Amino acid sequence: MDFLLDFVGTAFGTAVDVLPIAVILVVFQVAVLRRRIPNLGRILSGFVAVLLGLTLFLIGLEQALFPIGETMARQLAAPEAAGAAATPSGETQVDWRDYLLVYAFAAAIGFATTIAEPPLIAVALKAEEASGGAIGSWGLRIAVAVGVAVGVSLGAFRIVTGTPLAWYIIAAYVVVIVLTFRSSRSIIPLAYDSGGVTTSTVTVPVVAALGLGLAANVPGRNPLIDGFGLIAFASVFPIMSVLGYSMATSWLNRSRQARRSSVPLPK
Amino acid sequence: MKGPVLALSRRLFGAVRDLAPIIVVIAFFQIVVLQQPFPNLGSVVVGLVCVVLGLTLFIQGLETGLFPLGEAIAHAFARKGSVTALLAFGFCLGFGTTIAEPALIAIAAEAADVASQAGAIVDSDASRTAYAFNLRIVVALAVGTAITLGVLRILKGWPIHVLIIAGYVLVTVMTAFAPDEIVGVAYDSGGVATSTITVPLVTALGVGLAASINGRNAMADGFGLIAFACLSPMIFVLGYGMVI
């Protein structure tokens, strides 16, 4: 019964999300385009599948993964787990090395939630199609996930050390700008897009819980000031990793071609 | 009959593979690192089944519904050839999908509380409601403008990095002048426009447009709408904070 109520509630929420899109589409269709959409029945059934799928997905996450993920994030951030107990003098000393497990967890959970992120799956499928297979959908998703992993892990390090967020973000943007000018023009828009799609349904709740848990547990940190910012890390680093991924693949292709052309042709 | 069943089972397998990393990471940290049993294992398993089925349906729906729809609309606008109609559509799509976004409603309410505590607005229910509502309008306008500008960029073939970098420089400069309490809200508002349904539709629209215009390349010109939609709310909200 609870499950049914949950389902109806979440389905209703998702439907409200879709309603404005549907209204705009219908209005422009009728008033401006005046052209029949091909395969309308199939498209509508696809819409229903998206709605149902998203509803089930959210309910399942709510029930299975979020509670454990959030509790885990808090427990790992707790001083006992990190071993950052009070020193004999009674003063709490924060040593960033006591939190190695937290950085490992941050990287692992950042990677894993990004791989399952539905908007990223959509963009990756589209990128594979638009690039004619040159950008593989798995390659892109793994590149983005590695970026999020590094970003969230570094963000956790920042919370533990209490260094200012702005330094990291500005430095990251400087790297992004440098990489942009060294990348091929065709990858840049996709790389910029991948920063925005990672911070969505699956990643945000778990990563935000990790940030708040850390800020509440590390001595001398204030959740209100230090707890945020992990999301900002998670949106900058994928830009870097996607630009890097494209450089690596084009370099690999070039060296493979060079090797092929250097092989003497059989007589 | 055999074809669809095979396709469905392949999708189910794909969804399991997508979710495997999360399950492995959580199980590993729970069992090996924290050395604790799983609380109510039954409901976890039911939830996981829901997640797998949901992801399978979602991806199925992407390919039969959202992607073809975005492309069909892009082609229809390209064939009609009216730039004004296309830009108007882009604006409405951005505005309409953002104004009702639950994440934005939550952020706006929170921002109103922060602003009233900081003394930026009168501490009353009416002024808080008005502030939150205005903030939602501002963010929706920002996303509408972003999609319009992004579509214009695809039509004209402008290089994206110049616009984006200029935008971030503007954000940096405005951060220095905006009141402190609005900065966090502004940065958070960048992420709200990228909901799970908007992203596939907008991406398909951009790629479809770039593919159907001569001289544009789907890869080099079609992406980037999401990047604009993430950036512009920060600028608009910082501006709003400076005006109020």
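When each of B:213, B:182, B:197 is tested for being in contact (Cβ under 8 Å) with a residue 24 or more places away in the chain and at the interface with chain A (Cβ under 7 Å from one of its Cβ atoms), the lone residue that passes is B:197.
The helices (runs of 4 or more DSSP H) falling completely within the stretch A:176-249 that include 2 or more residues that are under 20 Å from the mean Cα position of the chain (by Cα) and either within 8 Å of chain B (Cβ to nearest Cβ) or surrounded by 24 or more Cβ atoms within 10 Å (Cβ to Cβ) (or both) map to A:188-197, A:203-217. In the set B:58, B:67, B:77, which member is within 10 Å of another protein chain (Cβ to nearest Cβ), surrounded by 17 or more Cβ atoms within 10 Å (Cβ to Cβ) and over 28 Å from residue A:10 (Cα atoms)? Only one candidate qualifies: B:77. State all residues of the stretch A:122-169 that are of a type in the set (S, T, N, Q) and outside any helix (DSSP H, G or I); if no residue qualifies, say none. Matches in the stretch A:122-169: A:131, A:163.
The helices (runs of 4 or more DSSP H) falling completely within the stretch A:1-78 that include 1 or more residues that are of a type in the set (Lys, Arg), at the interface with chain B (Cβ under 9 Å from one of its Cβ atoms) and over 28 Å from the mean Cα position of the chain (by Cα) map to A:40-60. Filtered by the rule that a residue be surrounded by fewer than 22 Cβ atoms within 10 Å (Cβ to Cβ), facing another protein chain (nearest Cβ under 10 Å) and either among the charged types (D, E, K, R) or over 15 Å from the mean Cα position of the chain (by Cα) (or both), the stretch A:99-130 gives A:101, A:104, A:125, A:129. Looking across the stretch B:27-51, just one residue is more than 7 Å from chain A (Cβ to nearest Cβ), of a type in the set (Val, Ile, Thr) and touching a Phe, Trp or Tyr at 6+ places or on another chain (Cβ under 9 Å), and that is B:31. Against the list (1) of a type outside the set (S, T, N, Q); (2) touching a helix residue (DSSP H, G or I) at 6+ places or on another chain (Cβ under 7 Å); (3) surrounded by fewer than 17 Cβ atoms within 10 Å (Cβ to Cβ), the condition residue B:89 fails is (3). What are the residues in the stretch A:79-110 that are in a helix (DSSP H, G or I) and at pLDDT below 80, if any? Within the stretch A:79-110, A:79, A:80, A:81, A:82, A:96, A:97, A:98 meet the criteria.
The values are calculated or read from the model by the stated rules, or taken from the named source; none is laboratory data. Since we're looking at a predicted model, the values are computed, not measured. Neighbour counts are summed over all protein chains in view; Cβ atoms, including those assigned to glycine, are modelled from backbone coordinates with ideal geometry.
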